[in-house]
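The structure appears below as structure tokens.
Read the figures in this text as sums done on the coordinates, not as results from a lab. Quantities reported herein were computed from a predicted structural model and do not represent experimental measurements. No Cβ is skipped: glycine too gets one built from the backbone with ideal geometry, and neighbour counts run over all protein chains shown.
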Amino acid sequence: MEEELDLTVVTGLIEESGPEDFKLVDPADVVTAEWVRMKCQYGCGGYGRCLTCPPHSPTPQQTRRMLDEYRSACLLWWGAEHAGREKLADIERRTFLAGYHRAFMMADGPCRLCSPCPLELPCRHPNKARPSMEACGIDVYETAHRAGFPLRVVRTRDDVPNYYSLLLVE
């Protein structure tokens, strides 16, 4: 019988970091799809310009396999503000130090730690740089809706965006 995960410490760390809200989600409910990565390739001006974006990021198949290795995840809703790679890396690091050695954070949108990304290996900020959910083939819209969060297409500059990140925990 599998031991139940006590995520009290993790949820406390997340609350301290200041998201609008967050929910524990089953990694099986995180939706991956090939079309998401295609939207990066044919629709995003950042394609190929960052080591955390396609074609350098994990494929949807790799992401699905990784998600299937976890028993728990936390979907963090930041509202209209990007959390920033530094904050997300700090949450991951603190979760790791709390005893969850497999903690891994996935961000939103392109990395902005170097502007522009020099595209040289190794990455200059491996301790902070994390791929976005979209870059890895995660359908953030469907995943957010399944968790009961608001997310809709931003159609005008007056529309308020919503940003999400995903913390994988085991």
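General observations
- Phi to ³J(HN,Hα) by Karplus 6.51 cos²θ - 1.76 cosθ + 1.60 over segment 77-91, Hz, x for Gly, Pro: 9, 9, x, 8, 10, 5, 6, x, 4, 4, 5, 5, 5, 5, 4
- Computed from backbone phi, the HN-Hα couplings of segment 99-111 come to x, 9, 5, 9, 4, 8, 9, 10, 9, 10, x, x, 5 Hz, rounded to whole numbers (Karplus: 6.51 cos²θ - 1.76 cosθ + 1.60, θ = phi - 60°; Gly and Pro given as x).
- Length-normalised contact order of segment 1-129 in % [C-alpha pairs under 8 Å, at least 6 apart]: 32
- Given the alternatives (1) 0.94; (2) 1.44; (3) 1.13, Rg/Rh (Cα atoms, Kirkwood Rh) as computed for this entry is given by (1).
- DSSP-assigned coil residues among chymotrypsin sites (Phe, Trp or Tyr not before Pro) in segment 1-68, each with at most 16 further Cβ atoms within 10 Å: 42
- For segment 1-88, the set of GluC sites (Glu not before Pro) satisfying both a DSSP loop assignment and a count of at most 12 other C-beta atoms within 10 Å is given as 2, 3, 4, 69, 81.
- Summed over qualifying helices (DSSP H, 4 residues or more, each -39500 (n - 2.57)) and divided by its residue number, the chain shows a 222 nm mean residue ellipticity of -7500 deg cm²/dmol.
- Karplus-derived 3J(HN,Hα) values for segment 153-170, using 6.51 cos²θ - 1.76 cosθ + 1.60 with θ = phi - 60°, are 5, 7, 9, 9, 5, 7, 5, 8, x, 10, 10, 9, 9, 10, 9, 8, 9, 8 Hz; glycine and proline are entered as x.
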